[in-house]
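What follows is a short report on a single structure.
The values are calculated or read from the model by the stated rules, or taken from the named source; none is laboratory data. All values reported here derive from a predicted model rather than from experimental measurement. So basically every Cβ, Gly included, is an ideal-geometry build from the backbone, and we count neighbours across all protein chains shown. Just the protein is used for accessible areas: all its heavy atoms, side chains included, with ligands, DNA and RNA removed. Shrake-Rupley method; radii C 1.70, N 1.55, O 1.52, S 1.80 Å.
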Amino acid sequence: MADLVPAYPFERSRYLGSVSRVSPLGVRVNFPFATEIAPSQYAGHRVTRGQVGEFVVIESYGSAIIGRITEIQLPDRDRLSVEPERNEGDELPNPIGIIKLLGSVDLNSNRSSRGIGEAPRVGDYVYLAHPYFVRHAIVSTSSTKADLIDLGHLSGAPETRIALSPASIFGRHCAVLGTTGGGKSWSTARLIEQVAERGGKAILLDPTGEYHTLDQGVRHVHLGGVRDNDADKREFVSFPYFHLTEMDLFAFLQPSPGVQAPKLRDAIQSLKLVHLDPSLLDPEAPVLIKAGKPKKPINHAIVVHDQALHAPSAFFEFKDLVEQILEECVYPTDLSGQKHHWGGKHPNSFDSCVTLCMRITTFQKSQPMTPIFAPHDYMTDLTRVIDEFLGDPDLRVLRVSMRHLAFEQNTRELVVNAIGRYLLSRARRGDFQKVPVVVAIDEAHQFLNKSIGDDNNKVTLDAFGLIAKEGRKYGLTCLLATQRPRDIPEDVLSQMGMFVVHRLINERDQSVVINASGILDLSTATFLPSLRDGEALIVGTDSIMPMPIILNAPKQKPRLEENVKTTWMTS
């Protein structure tokens with residue numbers, strides 16, 4: 001049974017005017033009192049006489065049609081009537097306005113819907129919507145009333161709190177959008193805190209390190225970086241190279257397609273093989289020697305270990321990769337024509353692979369690449385940290401700071417994509433069915449809708465796109481925060497069930513959100529550039545209309561660490 005309507009929608013004291021024209025796009029209304037200077041008060045609530053952005057209700061047969069004022073103007077003949085000096089006999093001004101229709105509340109069932117059962121008629125009365133009635137229209141579409149998340153209050157009505165269920169916000173993914181300074185980071189932090197308070201699990205990928213203030217059931221780890229001294233208690237983690245796919249490694253190492261790519265592929269397979277079957281190694285060599293050796297034992301081992309060789313995160317020693325590549329540079333048969341043995345060193349292949357080996361050596365010695373290709377002993381594997389986090393009932397948030405992770409060679413993009421791919425593989429195995437996980441990624445435009453590498457070694461950053469498209473059925477949902485919605489694929493944004501849209505000035509950003517949300521339209525989007533700091537339009541599948549809300553501030557406000565600027569300058 002639906003909740004009772006908390007406020008009568010057609011109070012005479014809230015009368016604004018009457019409908020003068022009806023069209024499929026909205027209605028035109030006479031606002032005879034719109035030029036009154038000061039608003040009045042009634043029953044403790046502020047009552048205006050018609051302002052742009054306010055919600056209204058139109059009295060219709062058996063229902064209350066909800067709309068929003070998008071325009072108010074004076075007819076040309078009345079435009080001088082609002083000037084300070086006018087003649088005593090001048091007629092009073094007669095403003096007219098345009099109302100965008102949003103939905104309706106059935107007064108018999110008290111349920112709200114986006115549909116409008118019966119269109120308004122000319123002469124129907126229009127009233128300023130009571131804030132409690134607006135709240136009822138918003139929440140009456142949701143079947144869950146318990147354990148709601150208090151988002152904030154309706155703009156212009158601090159007494160009207162807006163709360164939605166966690167399923168409404170995270171159940172179908174969530175996007176937090178807005179230009180710098182609009183409140184995007186605060187909203188993201190607030191939502192993460194709400195996940196933690198309700199016993200959920202969230203993994204936060206923090207590119208800038210500004211969420212280090214989170215402190216409720218949070219484990220903070222740093223992907224990359226070095227200890228300042230022995231007293232440095234920060235936890236550093238790595239994401240080792242063997243968690244990357246072959247194409248990820250190729251995007252890093254950029255082998256040429258003619259000789260280098262096949263030799264690199266063979267070398268990686270050989271190193272994986274000797275790790276699985278050490279008996280293939282010569283006693284005095286750490287790599288697989290092929291020159292002059294019989295092929296049969298190696299080919300047999302490849303068949304036996306085929307599944308393990310192609311398993312995700314199959315281990316191999318990266319430090320031996322250069323030497324193994326050079327060992328792959330042999331003739332396919334020996335000088336006597338024996339097909340069952342490899343021949344000796346192939347000079348042309350050897351020479352062609354020298355530049356590739358130099359690049360690999362550079363990666364091995366590069367300090368920014370340490371968490372990927374040469375992790376220190378104090379760096380824990382991030383996948384192990386994720387396992388521990390998922391198994392610890394006292395931990396609610398795992399924050400992975402990428403502030404120290406290198407920008408070179410698209411390292412951040414490739415690693416974040418690999419982390420997303422790892423989480424999706426865990427989800428597909430059913431690891432998140434009992435305890436759903438929200439993976440939140442700030443500055444999401446950096447990590448989606450990109451191709452990394454050259455034409456021969458191209459990797460598409462699609463992991464979080466796949467999470468958005470299929471993760472929900474496995475208990476893995478995502479929270480994407482970005483200031484550039486236009487750089488997020490529309491097919492990914494269209495999977496979002498909830499949008500928290502802060503101030504957006506760019507028209508392309510607005511257009512993308514309009515197309516992806518399915519609820520927001522051009523007339524409503526015109527309010528986006530003028531939203532205040534901390535104000536947002538909440539657009540969700542469970543609400544009948546976009547809601548302008550002043551969002552609650554997080555308990556721990558995000559802020560950049562003191563030396564983060566120096567870190568960026570030296571990266």
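Is it true that SER425 is buried (at least 24 other Cβ atoms within 10 Å of the Cβ) and not charged (D, E, K, R)?
Numbers: buried (at least 24 other Cβ atoms within 10 Å of the Cβ): no; not charged (D, E, K, R): yes.
In short, no.
So, in the range 306-349, exactly how many residues are in contact with a His (Cβ under 8 Å, 6 or more places away or on another chain) and under 12 Å from LYS290 (Cα atoms)?
So the count comes out to 5.
Look at the range 354-410 and say how many of its residues are aliphatic (A, V, I, L, M), out of contact with any Gly (no Cβ under 6 Å at 6 or more places or on another chain) and at pLDDT below 90.
Number satisfying all stated conditions: 4.
Take the residues in the range 369-391 that are acidic (Asp, Glu) and open to solvent by 50 Å² or more (accessible area, probe 1.4 Å), then tell me which one is farthest from VAL221 (Cα to Cα).
ASP377
What pairs come out if I take residues in the range 392-420 that are over 13 Å from ILE203 (Cβ atoms) and in contact (Cβ under 8 Å) with a residue 40 or more places away in the chain and pair them with residues that are part of a loop (DSSP other than H, G, I, E, B) and among the hydroxyl-bearing types (Ser, Thr, Tyr) whose C-beta lies under 7 Å away, six or more apart or interchain?
Listed pairs, sorted by first residue: ARG403/THR208; ALA406/SER571; PHE407/SER571.
Quick check, is ASP392 over 30 Å from HIS445 (Cα atoms) and either out of contact with any helix residue (DSSP H, G or I) (no Cβ under 8 Å at 6 or more places or on another chain) or of a type in the set (Phe, Trp, Tyr) (or both)? If you could, list the steps in order and put the result at the bottom.
Working: over 30 Å from HIS445 (Cα atoms): yes; either out of contact with any helix residue (DSSP H, G or I) (no Cβ under 8 Å at 6 or more places or on another chain) or of a type in the set (Phe, Trp, Tyr) (or both): yes.
Here the answer is yes, as ASP392 does meet what is asked.
Look through ILE544, ILE550 and report the one residue that is farther than 30 Å from GLY217 by Cβ and either modelled with pLDDT of 90 or more or part of a loop (DSSP other than H, G, I, E, B) (or both). Before you say what the answer is, go through the steps one by one.
Details: ILE550 fails: farther than 30 Å from GLY217 by Cβ.
Among ILE544, ILE550, only ILE544 is farther than 30 Å from GLY217 by Cβ and either modelled with pLDDT of 90 or more or part of a loop (DSSP other than H, G, I, E, B) (or both).
Select the helices (runs of 4 or more DSSP H) contained entirely in the range 235-318, then report the ones holding at least 2 residues which are over 30 Å from GLY209 (Cβ atoms) and open to solvent by less than 30 Å² (accessible area, probe 1.4 Å).
260-276, 296-304
Have a look at ILE549, ILE505 and point out the one that is open to solvent by less than 10 Å² (accessible area, probe 1.4 Å), over 18 Å from THR70 (Cβ atoms) and of a type in the set (Val, Ile, Thr).
That would be ILE549, the only listed residue that is open to solvent by less than 10 Å² (accessible area, probe 1.4 Å), over 18 Å from THR70 (Cβ atoms) and of a type in the set (Val, Ile, Thr).
Taking the conditions exactly as written (open to solvent by less than 30 Å² (accessible area, probe 1.4 Å), of a type in the set (A, V, I, L, M) and either in contact with a helix residue (DSSP H, G or I) (Cβ under 7 Å, 6 or more places away or on another chain) or under 24 Å from PHE250 (Cα atoms) (or both)), does LEU321 satisfy them or not?
It is true that LEU321 is open to solvent by less than 30 Å² (accessible area, probe 1.4 Å), of a type in the set (A, V, I, L, M) and either in contact with a helix residue (DSSP H, G or I) (Cβ under 7 Å, 6 or more places away or on another chain) or under 24 Å from PHE250 (Cα atoms) (or both).
Out of all the residues in the range 517-541, which are in a helix (DSSP H, G or I), open to solvent by 10 Å² or more (accessible area, probe 1.4 Å) and at pLDDT 85 or above?
PRO529, SER530
Yes or no: ASP491 surrounded by fewer than 22 Cβ atoms within 10 Å (Cβ to Cβ), under 15 Å from the mean Cα position of the chain (by Cα) and either modelled with pLDDT under 90 or of a type in the set (S, T, N, Q) (or both)?
Criteria met by ASP491.
Residue-wise test of (1) surrounded by fewer than 22 Cβ atoms within 10 Å (Cβ to Cβ); (2) of a type outside the set (Lys, Arg); (3) modelled with pLDDT of 85 or more; (4) under 18 Å from PHE33 (Cβ atoms).
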site	(1), (2), (3), (4)
ARG86	yes, no, no, yes
ASN110	yes, yes, no, no
LYS145	yes, no, no, no
GLU159	yes, yes, no, no
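Would you confirm whether or not the range 350-360 contains a residue that is of a type in the set (A, V, I, L, M), in contact with a Lys or Arg (Cβ under 9 Å, 6 or more places away or on another chain) and closer than 23 Å to PRO255 by Cβ?
yes
Six or more apart or on different chains, Cβ atoms under 8 Å: show the pairs whose first residue is in the range 269-298 and without any contact (Cβ under 8 Å) to a residue 12 or more places away in the chain and whose second is of a type outside the set (Lys, Arg).
Close Cβ pairs (under 8 Å, with a partner that is of a type outside the set (Lys, Arg)) amount to LEU281/VAL274; LEU281/VAL287; LEU281/LEU288; ASP282/ILE289.
Name every residue in the range 161-181 that is part of a helix (DSSP H, G or I) and either at pLDDT below 80 or surrounded by fewer than 22 Cβ atoms within 10 Å (Cβ to Cβ) (or both), in order of residue number.
Initial filter on the range 161-181 (part of a helix (DSSP H, G or I)): 166-170.
Matches in the range 161-181: PRO166, ALA167.
Considering ASP228, ASP232, which residue is more than 15 Å from ALA374 (Cβ to Cβ), open to solvent by less than 40 Å² (accessible area, probe 1.4 Å), without any contact (Cβ under 8 Å) to a residue 12 or more places away in the chain and not in a helix (DSSP H, G or I)?
Of the residues listed, the single one that is more than 15 Å from ALA374 (Cβ to Cβ), open to solvent by less than 40 Å² (accessible area, probe 1.4 Å), without any contact (Cβ under 8 Å) to a residue 12 or more places away in the chain and not in a helix (DSSP H, G or I) is ASP232.
Test ARG198 against the criterion of being more than 17 Å from MET496 (Cβ to Cβ) and surrounded by fewer than 23 Cβ atoms within 10 Å (Cβ to Cβ), and give yes or no.
On the way: more than 17 Å from MET496 (Cβ to Cβ): yes; surrounded by fewer than 23 Cβ atoms within 10 Å (Cβ to Cβ): yes.
Here the answer is yes, as ARG198 does meet what is asked.
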